[in-house]
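To start, the structure under review is shown below, and the notes come after it.
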Amino acid sequence: MAELPNKIALFPLPNFVFFPDVSAPLHVFEPRYREMIADVSTGSGIIGMTMLKGDWERDYYGAPDIFDVGCAGKISTLARLTDGRYNLMLDGVSEFRVVGESREKVYRIAEVEWISPPPEHLELSTVQTAQLRDLFIQCVGGTATDLWRSLVEEKGLRGAALINFLCFHLDVFPIEKQTLLEAGSNRGNCLIDVLTFKAQERKLGPSQKGSRSGPVQ
């Protein structure tokens, strides 16, 4: 993706995994990230979202460890509040891998390689789509059938857009979402595997420790 820069600002967060084809509202209040938004908004508008890993709290204001695969987004709407904080909407554009970092600013800047899988690699066969639908309904329950109809029949989500939407919104552990992000071209099959496990958890009932099956966010 030649139009994307090879150096981007990083916005590491705990327990947050971003995906292409989805949008997320962000509230930015830390001074270093206010500076980041001020810089990025007058440039490419691209921010690299990565998830913090390990014992990140001990070095939060430094450079704690991050997963090296993240997803970049482009600022689509931006509002600066009177006290200097920002509210913004970020639209996911592509997966990336961090290959190096620099600290020329108060925030982290990464040299990245763009690793978005070809769209055709995330296409689903008719059989896979039916399997994904059934698993989605089993895991979510309630209004899942209507929600699936809204996503697929009304909004027309297919292939990568549908897979990424489900990966981002489904109520699974963040590390599972990170695994889905890193799966790349195999993300559709990986999502089916995750939902198969969650469907089995749901059948066992809420007494099973660690169960996280539930509605989308």
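The values are calculated or read from the model by the stated rules, or taken from the named source; none is laboratory data. Computed from a predicted structure; not experimentally measured. Cβ: placed from backbone, ideal geometry, glycine included. Neighbour counts: every protein chain shown.
Observations
- Qualifying positions in segment 178-206 - more than 21 Å from E120 (Cα to Cα) and under 18 Å from the mean Cα position of the chain (by Cα): Q178, V194, L195
- Any hit, segment 83-94, residues being surrounded by fewer than 19 Cβ atoms within 10 Å (Cβ to Cβ), modelled with pLDDT under 95 and over 20 Å from A24 (Cβ atoms): yes
- Here S125 meets each of (1) more than 18 Å from G45 (Cα to Cα); (2) not assigned by TED's automatic domain parsing to the domain that holds G156 with one exception, condition (2).
- Some residue of segment 123-130 being crowded, with 17+ Cβ neighbours inside 10 Å, under 30 Å from R158 (Cβ atoms) and not small (G, A, S): yes
- Residue check, F96 under 14 Å from the mean Cα position of the chain (by Cα) and assigned to a loop (DSSP other than H, G, I, E, B): no
- Among (1) polar (S, T, N, Q); (2) surrounded by fewer than 17 Cβ atoms within 10 Å (Cβ to Cβ); (3) at pLDDT below 95 - the single one S76 does not satisfy: (3)
- For K209, the test of being at pLDDT below 90 and either closer than 14 Å to H121 by Cβ or assigned to a helix (DSSP H, G or I) (or both) is failed.
- Qualifying residue in segment 32-46 (condition: closer than 17 Å to Y86 by Cβ, within 17 Å of the chain's Cα centre (by Cα), modelled with pLDDT of 95 or more and not charged (D, E, K, R)): yes
- M1 meets all of the listed conditions (1) modelled with pLDDT under 90; (2) of a type outside the set (D, E); (3) touching a helix residue (DSSP H, G or I) at 6+ places or on another chain (Cβ under 8 Å) but one, namely (3).
- In segment 102-110 there is at least one residue matching the filter, namely being among the acidic types (D, E) and loosely packed, with under 14 Cβ neighbours inside 10 Å.
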